[in-house]
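First up is the structure itself, then whatever we jot down about it.
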Amino acid sequence: MADLSTVFAGIKSPNPFWLASAPPSNSGEQVHRAFEAGWGGAVWKTIGAPVLNVSNRYGAFHYGGQKMVGINNVELISDRPLDVNLREIAEVKRAWPDRALIVSAMVESNPDAWRQIVRQIEDTGADGIELNYGCPHGMSERGMGSAVGQVPEYCEQITSWVKNVATIPVIVKLTPNITNIVGPARGAVAGGADAISLINTLNSITAVNLDNFEISPNIGGKGGHGGFAGPAVKPIALNMLAAVASDEVIVRSGVPISGMGGISAWRDAAEFVLLGASSLQVCTAVMHYGFRIIDDLCDGLSNWMDSKQIESLNDIRGKSLSRLSAFQDLDLAFRAVARIDQEKCIQCNLCYVACNDTAHQCIDLHNAIGQVVPPGHDVRSNGKKEATVNRPRPVVREDDCVGCRLCHNVCPVEGCIEMVELPPSRPAVTWSELSHVRPDITQDWDAMKRYREETGIHIH
Amino acid sequence: MDREEVRPDPLAELLPALSDHEATLEANRCLFCFDAPCTHACPTHIDVPNFIKKIATGNLIGSASTILKSNLLGATCARVCPVQELCEGACVLGAEHRPITVGRLQRYSMDFASDKGLELIRPGNPTGKRVAIVGSGAAGLSCAGELRKLGHEVVVFDKRGLPGGLSTYGIIKLREPIEVALAEADMISSLGAHFEYERELGQNLDFKELQAEFDAIFLAVGLGWTPRLGIPGEELIVDGLAMIEQSKTDEKRVVVGDKVLVIGAGNTAVDCATIAKRLGARAVTMVYRRTECEMSAYDHEYDFVKAEGVRFKFLTQPVAVLHDGEKVVGLECRSMQLGELDESGRATPVPIEGSEFIIETDQIIKAIGQEKPALAALLGIDTIRGFLKVNEEFETNLPNVFAGGDCIRATGSASTVMAVQDGKMAADSIHKKLSLSSGG
Ligand SMILES: Cc1cc2nc3c(=O)[nH]c(=O)nc-3n(C[C@H](O)[C@H](O)[C@H](O)COP(=O)(O)OP(=O)(O)OC[C@H]3O[C@@H](n4cnc5c(N)ncnc54)[C@H](O)[C@@H]3O)c2cc1C
Ligand SMILES: Cc1cc2nc3c(=O)[nH]c(=O)nc-3n(C[C@H](O)[C@H](O)[C@H](O)COP(=O)(O)O)c2cc1C
Ligand code: SF4
Ligand code: SF4
Ligand code: SF4
């Protein structure tokens, strides 16, 4: 049985899964039940300045029959009185000494406000503080949340105010609403942060009502951008995690990163760990299905680790970071082509139409005796037998295939189209190397043509 | 017996309409195949992925239009098509999974269009050409609608009092309520086709006059009543087609025996057995000369009727009806064995000498097919094995006299959707020919 226990900036938890600071961790009663269900920790719903919430505050992005691929919200920080939150935090911590309990906070941007909230949090016995620099709506207009997270200098300054008074670990939670997330991450580290967490939600509008042209969801006839999270943001979160986790300044500082953004199953969790996350936070998936998903998160991760003989998360943390590369350092001679497993193919022809209409026109339809035939059928032909028995099969012309991978991506049958790696037909070379030895080809199509002819590169 | 109290109607439409939720889930499951096999398998080649995608996106007007573009009788077909042999049978998700329920999704869109009273098809600009259509079954209605879309004037003649042919009088209510067939005929009529009922070609409708008055004629007369068995006492046997008809138009008056025999093993025989069972017969047995391997009923129909509790007596040939006055008491039968293969590849049943035996019964229903169109000889139209003979363009040996539907179906199994396709293709041929003759 793999060891899932985690120590994050000195904070211990029996597994790496924490409720993210959000509605699931809004009250003592909820966090209590989450811990009963098996969650390793929780970051309390952000507390701080007084706020009022609105109705219809969660919008959703549904796609192709899948509900809530993403959730969008204009919820503010906790609207429950500060003293109630603080009392419940203390109670939960007393009842669950082995779980990680971190309190997210956001107050006016002045040292006194921060000093006060830090003291109040420490009095609860909580294990850590998370500074919410991410909230993209409502709070940012008041100079908090992402208004801080978008400016590295503010990140540094506020972090240092907090660090001056805090005795427990301080985690800085970053906003993804920025061109380069490494800047604020460095700011946080410069300000003395003990850890970083990412990502908060992305600016978004989920829908427009086609009946009355209102923004959906509508709040008294109006609506606006809200924070977007859930499965749809995972690729963005992974990229930001990788960028921060591989940044030399962050690496040198040694601060751990708590990863989040679209984690809904153990596979996602494993990917976050491989890209450098030390703990994992989850919000949307819990909002969709409840606390019970912790069972598969732990179970699935642990079974996968067992099957790979991985004993602890420390053994794999950041293991995939070494595989990150900028485009100009990729091997241009690497070659893969698509190959269809005819036994698995169900002949939906989605690969064919994708390749033919939008990629490189290198999938043909073959009849039973291997001749290339056009799509279509005789108007007088009908019935299941005629439609299925001699239905042409898609076959890749491997010589023409540029290996773009589109067909593989659209094929509905798992493992049916494989991208087969072929031995390279020319020596390995990267764009950096090439542009160094042959600068002309980066400037001039004729030079490029000569280079292609020399090396036998044909692109039809 | 008194069936007044039986609730609900034992013959009411079997499959419920899909709810919005079911339809959306199912539509989203469709892969949206390219050059899809379901479309190929559909005789009218409805763009199935396209109409299903439009259900998924909430474009039901577009979905219904996509269906109607290829098949004007989409509402009937959605209910009566043997989908297991057609679109659904060809679905790529069928092999390892559940095929998409294409028929029921089609019904969902067609119901939407009719519930909303949408007029999705428009007549074409008048061409001044006139076409007579004889028979208002699937083939006739489809041809009439397509010709109206092309702007030709159309008069549909039918010997019956209601339009729809077998959709109205022959397809059991479990599959299609009569209202659906009538509404579809109304839709064709609203396109501007004129209907004349109780006009029978060869009786009170003269072929020569039609030829003189119209630029072209489309014969879609279907087939006839059940043929004779040629056994003593046959006058006491119930014609299965008449019984089905009564079950559609006057269900309460259908007389069903206690111990019923159905002679035949095709889809119509299955329907008769189902009606008898559902309307109160204690035991229903289907009597067939050959074995279950040769029976012409679709597999899914055979499975269905077995589940209804109907029994089978194979390798059994009726010899004579035994009766006590007007009252049927038994059917004398003879055992058969399978002999050589006939031209259609089915084994020929051969009687076993001296094997006669009696099955006790109080009602015998025959459902052994339909008589070939008798009109051919009268009109001087060439036939092939009793069916009207047409060329690739659906034209008979008489110029400008076209035919389609069951009356030309000399090979393969007859179905509504095939008749719709015939009507559509014949309309195309008629249009081409009439356009040529007007020099345009
Ligand atoms: C009991 C039964 C059940 C069936 N169930 C199904 C099913 O579930 N699914 C399926 O796909 N197919 C089914 N079929 C087959 C299907 O009904 C036919 O293939 C289809 O109706 C053929 O259409 P049609 O227009 O060629 O002929 P018909 O529907 O038979 O229409 C012919 C029309 O011509 C009229 N007519 C005939 N002679 C004359 C004349 N001399 N003058 C004027 N009018 C005339 C008739 O009154 C009738 O209205 C079934 C058939 C039967 C008998
Ligand atoms: C409805 C909602 C409310 C949220 N409120 C907060 C909050 O108060 N403080 C905070 O730091 N993050 C908040 N978040 C962001 C989440 O903590 C988390 O960073 C984000 O949802 C990404 O994770 P996920 O994809 O698992 O949901 C909120 C998210 C949602 C959906
Ligand atoms: S997408 Fe996959 S299953 Fe569909 S035809 Fe192509 S290879 Fe076959
Ligand atoms: S018309 Fe019939 S065969 Fe064609 S798609 Fe519809 S249900 Fe299937
Ligand atoms: S074959 Fe099945 S999955 Fe493919 S388009 Fe047709 S109904 Fe949809």
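The values are calculated or read from the model by the stated rules, or taken from the named source; none is laboratory data. Since the model is a prediction, treat every value here as computed from it, not as a measurement. Every residue, glycine as well, gets a Cβ built from its backbone with ideal geometry; the counts of neighbours run over all protein chains shown. Note: areas computed on protein heavy atoms with side chains; ligands, DNA, RNA excluded. Shrake-Rupley method; radii C 1.70, N 1.55, O 1.52, S 1.80 Å.
Computed over every Cα-Cα pair of chain A and binned at 10 Å starting from 0, the pair-distance distribution P(r) comes out as 4, 17, 24, 21, 16, 11, 5, 1, 0 percent. The angle between the Cα long axis of helix A:234-245 and the longest principal axis of the Cα atoms of chain A comes to about 70 degrees, rounded to the nearest 10.
Extent of the range A:317-395 along its three principal axes (Cα atoms, max minus min coordinate, largest first): 59, 27, 21 Å. Taking one quarter of the surface of the C-alpha convex hull of the range B:327-381 gives a mean projected area of 6.8 nm². The overall shape of the range A:199-268 is prolate: from the C-alpha gyration tensor, with semi-axes ordered a ≥ b ≥ c, the ratio a/c is 1.5 or greater and a/b exceeds b/c.
Placing +1 on the Cβ of every Lys and Arg and -1 on the Cβ of every Asp and Glu, with nothing else charged, gives the range A:327-428 a dipole about its Cα centre of roughly 400 debye. For the range A:6-321, give the share of DSSP beta bridges that are antiparallel, in percent and rounded to the nearest 5; count only bridges with both residues there. DSSP beta bridges in the range A:6-321 are roughly 35 percent antiparallel. In chain B, the longest principal axis of the Cα atoms and the axis of helix B:416-437 are about 40 degrees apart. Averaged over the residues of peptide A:346-355, the number of Cβ atoms from other protein chains lying within 10 Å of each residue's Cβ is 5. Each semi-axis of the equivalent ellipsoid for the protein assembly as shown is √(5λ) with λ an eigenvalue of the Cα gyration tensor; in descending order they amount to 71, 34, 28 Å. Let me make sure I get this right: for the range B:13-115, a, b and c are the square roots of the gyration tensor eigenvalues over alpha carbons, sorted descending. Under 1.5 in a/c it's rounded, otherwise prolate if a/b > b/c, else oblate. Which is it? It is rounded, given that a/c, with a ≥ b ≥ c, falls under 1.5. Per residue of peptide B:25-35, the mean number of Cβ atoms on other chains within 10 Å of the residue Cβ is 5. Report summary: the helix-based calculation at 222 nm, which adds -39500 (n - 2.57) for every DSSP H run with n ≥ 4 and divides by the residues of chain A, gives -9500 deg cm²/dmol.
Relative contact order for the range A:6-321: 18 percent, from Cα pairs under 8 Å spaced at least 6 residues apart, divided by residue count. Legend: calculated FRET efficiency, A:ARG142 to A:HIS62, from the Cβ-Cβ distance at R0 = 30 Å, rounded to 0.05, equals 0.40. Given a 1.4 Å probe and the protein chains as shown, A:ARG33 ends up with an accessible area of around 110 Å².
Taking a quarter of the surface of the Cα convex hull of chain B gives a mean projected area of 23.1 nm².
Pairs from the table (B:LYS306/B:LYS389; B:LYS248/B:LYS424; B:LYS149/B:LYS252) lying more than 31 angstrom apart at Cα are B:LYS306/B:LYS389; B:LYS149/B:LYS252. Applying 0.36 nm per residue to the separation of A:ARG438 and A:TYR451 and subtracting their alpha-carbon distance, the gain on full extension is 3.8 nm. With one equal scatterer per alpha carbon and no solvent term, the Debye-computed log10 I(q)/I(0) for the range B:213-279 at 0.27 1/Å reads -1.39.
Once the C-beta distance of B:GLU234 and B:ALA183 is scaled by a Förster radius of 45 Å, the resulting FRET efficiency is 0.75 to the nearest 0.05.
For the range B:308-392, the relative contact order comes to 21 percent (Cα pairs under 8 Å, sequence separation of at least 6). The relative contact order of the range B:13-115 comes to 32 percent, based on Cα pairs under 8 Å that sit 6 or more residues apart.
Largest GNM mean-square fluctuation among B:LYS149, B:LYS159, B:LYS208, using chain B with Cα springs under 10 Å: B:LYS208. Shape of the range A:290-423 from the C-alpha gyration tensor: oblate (a/c of 1.5 or more and a/b not above b/c, with a ≥ b ≥ c the square roots of its eigenvalues). With all projection directions averaged, the alpha carbon convex hull of the range B:234-366 covers 8.4 nm². Report the FRET efficiency, 1/(1 + (r/R0)^6), for A:VAL84 and A:ILE316, where r is their Cβ-Cβ distance and R0 is 51 Å, rounded to 0.05. About 0.80, to the nearest 0.05.
Taking each residue as 0.36 nm, the span from B:GLU343 to B:ALA212 lengthens on full extension beyond its C-alpha to C-alpha distance by 43.0 nm.
What share of the DSSP beta bridges in the range B:234-366 is antiparallel, in percent to the nearest 5? Taking every DSSP beta bridge within the range B:234-366, about 55 percent pair in antiparallel fashion.
To the nearest 10 degrees, how steep is helix A:445-455 against the longest Cα principal axis of chain A, on a 0 to 90 scale? That helix lies at roughly 70 degrees to the long axis. Placing pseudo-labels 7 Å out from each Cα toward the beta carbon at A:VAL165 and B:HIS323 gives an inter-label distance of 10.7 nm.
Within the protein assembly as shown, DSSP assigns beta bridges of which about 45% are antiparallel (rounded to the nearest 5).
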